[in-house]
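Participant: Input: one structure, supplied below.
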Amino acid sequence: MFEHISVNQNLIEMEYAVRGKISQRAAELEQEGQITIACNIGNPQALGQKPITFYRQVLSLLEYPNSITRERELSRHLNTLELSVDSYSDTVLNYAEDMLEKMKTGTGAYTESKGPLFIREAIAEFIDKRDDSDAGSGNGSDPESIFLTNGASDAARRILEILISDKSDGIMIPIPQYPLYSATIKRCGGTQVNYFLDEDSDWSVTSEILSESYDNAEKSEINIKAIVVINPGNPTGSILDEESIGLILDFAEKHDLAIIADEVYQDNLYGGSFTSFAKERGTRNILLFSLHSTSKGFHGECGHRGGYVEIRSNPEVNKSGIKLMDIFLKQASVSLCSNTIGQCLTYMMATPPEKGTNAFALYASEKTSILTDLEEKASMIIAAFKKMEGVKCFGRTGAMYLFPRIDHIPEGTNDFDYCMALLEETGLCTVNGEGFGQREGTNHLRIAFLPPITQLQEVLPQWIAFHNDYISA
Ligand SMILES: Cc1ncc(COP(=O)(O)O)c(C=O)c1O
């Protein structure tokens, strides 16, 4: 029997607070029969968000193609009998049939390592439509530069694994950040180089902030390879304007850095507007990785692990004659392919039902209802913060999170103690600011604004009471 085993030290040191001690305590409380509310993670369906009907109907047909014929027959009979029973529309049946034809081998076979070409073509079209770009003008999206992934987390891991050789390789990440980045840099053995977003200016970024971080790392002989940008931001919810994107592009160009643009919240804007890094980059020769996912937005299909990375620019690596995308392909081939259901969802995200079809109205109303609901929930929580002494929340409301600063934490305690006590008292499971990084001496927490409105109506007054009591202790 093994008594000891030596493992990769990086994995021992790696941390991921979103599922750290606070959520472990929440799991214990649940085991003891207490109700907790999982606001520690952006996992909408775990908090009651219903899946988009169109997605699930198509998926069910893809998984069991025989049901297409049966459903067609059924719907004909129902029409003859003039019965209105929930059934699959023509649009859904035709869509699934068309997909199966294009997939050729169904959902149970490995696909091309990059993902099937027809899905990559659909994604390229989706990107061009979103960015008002086209291949003819030189700034369009190329299906050959798109790789399907098991969610954006997988994309981030693949990119960092390729960029980082050892500890001297640095990756600039925003602080606060989504800890996928700090954890993956650690796991790959690289060095995390922080750039601190300016909280008082709504978590903005300036050239000075970027240069200061770069210069300090350079003095420590860190070779910075890339800069990570999360837009809209997690945990801050901030949305970058074109000017800020422009200055990050200038900075990357000046220092020969790749940009990793995590754009998984591009639909979570609540009145704000999204500009992609690909669009602002135009035809500039800057290496850009853009990440997207079916987990977020209004899709909320976290468990199905769909996503993609689009790579702009294809430099030669290590003066070997080999191109970056060849390495990407080799890396993808080792895992054979990303999961096929995630691929199918990514296709549906890129190619939703068209206006005028009989599936469109339901799809559009579910989409609007999810996004409106999220906005309302964010406003409810922001209104509650106003009743908590010393709680300030900066930034616009994007993504799925609020990241308030808690200014009056009692001496000798910190935001971890606060979040633990909040959990014990109210069942609300949040993540303390330290898990994302924060300026020394400040205290924050992140809450995902996902629980149902009725649950928020119940728990927010309890939180306000808890807070005002906690800080006066
Ligand atoms: C900024 C950001 N990137 C990536 C992810 C991971 O997404 P996925 O489920 O696609 O792996 C998350 C999940 O919360 C996220 O917030």
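The values are calculated or read from the model by the stated rules, or taken from the named source; none is laboratory data. What you see is a predicted model; the values in this text were computed from it and never measured. Note: ideal-geometry Cβ built from the backbone for every residue, glycine included; neighbour counts use all protein chains shown. Calculation scope for accessible area: heavy atoms of the full protein, side chains included, ligands and nucleic acids excluded. Shrake-Rupley method; radii C 1.70, N 1.55, O 1.52, S 1.80 Å.
Participant: How big is the C-alpha Rg of segment 337-429 next to the rule-of-thumb value 2.2 N^0.38 Å, as a ratio? Mind dumping the intermediate values first?
Facilitator: Details: Rg = 19.9 Å, N = 93, 2.2 N^0.38 = 12.3 Å.
Rounded to two decimals, the normalised Rg is 1.62.
Participant: Just to be sure I follow: if Rg is taken over the C-alpha atoms of segment 59-106 and Rh is the Kirkwood radius over the same atoms, what is Rg/Rh?
Facilitator: On the way: Rg = 11.5 Å, Rh = 11.2 Å.
Ratio of gyration radius to Kirkwood radius: 1.03.
Participant: Step through the residues of segment 350-367 one at a time and calculate ³J(HN,Hα) from phi using the Karplus curve (6.51 cos²θ - 1.76 cosθ + 1.60, θ = phi - 60°), rounding each to whole Hz and writing x for Gly and Pro.
Facilitator: 6, 10, x, x, 7, 3, x, 7, 6, 9, 5, 4, 5, 4, 5, 6, 5, 4
Participant: How much accessible area per residue does the chain have, counting only protein heavy atoms and a probe of 1.4 Å, in square angstrom?
Facilitator: On the way: 21630 Å² over 473 residues.
Per residue, the chain has 46 Å² of solvent-accessible surface.
Participant: Roughly speaking, what is the centre-to-centre gap between segment 288-340 and segment 132-172 when only Cα atoms are used, to the nearest Å?
Facilitator: Rounded to whole Å, the Cα centres lie 6 Å apart.
Participant: For TYR110 and ALA473, what does the FRET efficiency come to when R0 = 56 Å and r is the distance between their Cβ atoms, rounded to the nearest 0.05?
Facilitator: Values: r = 58 Å, r/R0 = 1.03.
The formula returns an efficiency of 0.45 here.
Participant: OK, next. Counting DSSP beta bridges in the chain, what percent are antiparallel, to the nearest 5? Walk me through the numbers before you get to the answer.
Facilitator: Numbers: 20 of 41 bridges.
Around 50 percent of the beta bridges assigned by DSSP in the chain are antiparallel ones.
Participant: Grab the other residues whose beta carbon is less than 11 angstrom from that of GLY271, score K and R as +1, D and E as -1, and report the net. All intermediate terms of the calculation are to be shown ahead of the outcome.
Facilitator: Numbers: positive: ARG396; negative: GLU375.
Counting the neighbours of GLY271, the net charge comes to 0.
Participant: Additional query: Heavy atoms only, probe 1.4 Å: what % of the accessible area of the chain goes to carbon and sulfur, would you let me know?
Facilitator: Details: 10480 of 21630 Å².
Carbon with sulfur: 48 percent of the solvent-accessible area.
Participant: Oh, and also: Amide H to amide H under 5 Å from ILE37: which residues, 5+ apart in sequence or cross-chain, H placed 1.01 Å off N in plane?
Facilitator: LEU428, CYS429
Participant: Straight-line reach from LYS254: which lysines have a Cα under 20 Å away, not including same-chain ones fewer than 8 places off?
Facilitator: Candidates past the 8-residue exclusion: LYS219, LYS225, LYS279.
Participant: Next question. Please state the shape class of segment 387-468: rounded when a/c is under 1.5, otherwise prolate if a/b exceeds b/c and oblate if not, all from the C-alpha gyration tensor.
Facilitator: Working: a/c = 1.65, a/b = 1.21, b/c = 1.37.
Taking the square roots of the gyration eigenvalues as a ≥ b ≥ c, segment 387-468 is oblate.
Participant: Additional query: Any chance you could check the Cα centroid distance between segment 417-473 and segment 223-255 for me, in angstrom?
Facilitator: 29
Participant: If we sort 179-190, 21-32, 204-215 on the protection proxy, mean other Cβ atoms within 10 Å, highest first, what's the order? Numbers along the way, then the final one.
Facilitator: Numbers: 179-190: 21.7, 21-32: 13.9, 204-215: 16.1.
Top of the packing list down: 179-190, 204-215, 21-32.
Participant: Can you compute 3J(HN,Hα) from phi for each residue in segment 312-319, using the Karplus curve 6.51 cos²θ - 1.76 cosθ + 1.60 with θ = phi - 60°, rounded to whole Hz and x for Gly and Pro?
Facilitator: Coupling constants for segment 312-319: 10, 5, 9, x, 6, 9, 6, 6 Hz.
Participant: Could you work out the local net charge near ASP469, counting Lys and Arg as +1, Asp and Glu as -1, over the other residues with Cβ closer than 11 Å to its Cβ? Mind dumping the intermediate values first?
Facilitator: Numbers: positive: none; negative: GLU389, GLU425.
Value of the local net charge: -2.
Participant: Hey, what does the equivalent ellipsoid look like for segment 117-350, semi-axes from the Cα gyration tensor as sqrt of 5 times each eigenvalue, largest first, whole Å? All intermediate terms of the calculation are to be shown ahead of the outcome.
Facilitator: Details: eigenvalues 126, 90, 63 Å².
Equivalent-ellipsoid dimensions as semi-axes: 25, 21, 18 Å.
Participant: A follow-up question, please. Report, as a whole number in µm² per second, the diffusion coefficient that Stokes-Einstein gives for segment 124-210 at 37 °C and 0.692 mPa s using the Kirkwood radius over alpha carbon pairs. Before the final figure, lay out the partial values.
Facilitator: Numbers: Rh = 15.4 Å.
In µm²/s, the coefficient rounds to 214.
Participant: Now for a separate question. Could you list log10 I(q)/I(0) for segment 424-473 at q = 0.16, 0.18, 0.23, 0.24 Å⁻¹, which the Debye formula gives when each Cα is one point scatterer?
Facilitator: So the normalised log intensities are -0.56, -0.70, -0.99, -1.04.
Participant: Right, another one. So who's got an amide H within less than 5 Å of the one on TYR401, skipping anything under 5 residues away but keeping other chains? H placed 1.01 Å off N, in plane.
Facilitator: PHE449
Participant: Using bins 20 angstrom wide from zero, how does P(r) for the chain break down, in % of all Cα pairs?
Facilitator: For the chain, the binned pair fractions read 22, 54, 22, 1 percent.
Participant: If you take every DSSP beta bridge fully contained in segment 101-226, what fraction is antiparallel? Give it as a percent rounded to 5.
Facilitator: If we restrict to bridges inside segment 101-226, about 10 percent are antiparallel.
Participant: Per residue of segment 151-157, in order, report the coupling 6.51 cos²θ - 1.76 cosθ + 1.60 (Karplus, θ = phi - 60°) as ³J(HN,Hα) in whole Hz, putting x for Gly and Pro.
Facilitator: Going residue by residue, I get x, 6, 4, 5, 4, 4, 4 Hz, with x marking Gly and Pro.
Participant: Still on this model: If you count, for each residue, the other Cβ atoms within 10 Å and average over each peptide, how do 391-399, 334-342 line up from highest to lowest?
Facilitator: Numbers: 391-399: 21.9, 334-342: 17.7.
So the order, starting with the most tightly packed, is 391-399, 334-342.
Participant: Sort ILE286, ILE382 from largest to smallest accessible area, using a 1.4 Å probe on the heavy atoms of the protein chains. Please report the intermediate quantities before stating the final value.
Facilitator: Working: ILE286 5, ILE382 50 Å².
Ranked from most to least accessible, the order is ILE382, ILE286.
Participant: Just need the relative contact order of the chain here, percent rounded to a whole number, with Cα pairs under 8 Å and 6+ apart. Intermediate results must be reported in sequence, preceding the final value.
Facilitator: On the way: 863 pairs, mean separation 99.6, N = 473.
So the answer I get is 21 percent.
Participant: Sorted by mean Cβ packing within 10 Å, highest first, what order do the peptides 448-456, 147-155 take?
Facilitator: Details: 448-456: 19.3, 147-155: 25.0.
Going from most to least packed, we get 147-155, 448-456.
Participant: Among the DSSP beta bridges whose two residues both lie in segment 117-350, what percent are antiparallel, rounded to the nearest 5? Walk me through the numbers before you get to the answer.
Facilitator: Numbers: 13 of 32 bridges.
Antiparallel bridges make up about 40 percent of those DSSP assigns within segment 117-350.
Participant: Another question, then. Shape verdict for segment 30-117, please, from the Cα gyration tensor: rounded (a/c under 1.5), prolate (a/b greater than b/c) or oblate. Please report the intermediate quantities before stating the final value.
Facilitator: Details: a/c = 3.08, a/b = 1.37, b/c = 2.25.
Since a/c reaches 1.5 but b/c is at least a/b, the shape of segment 30-117 is classed as oblate.
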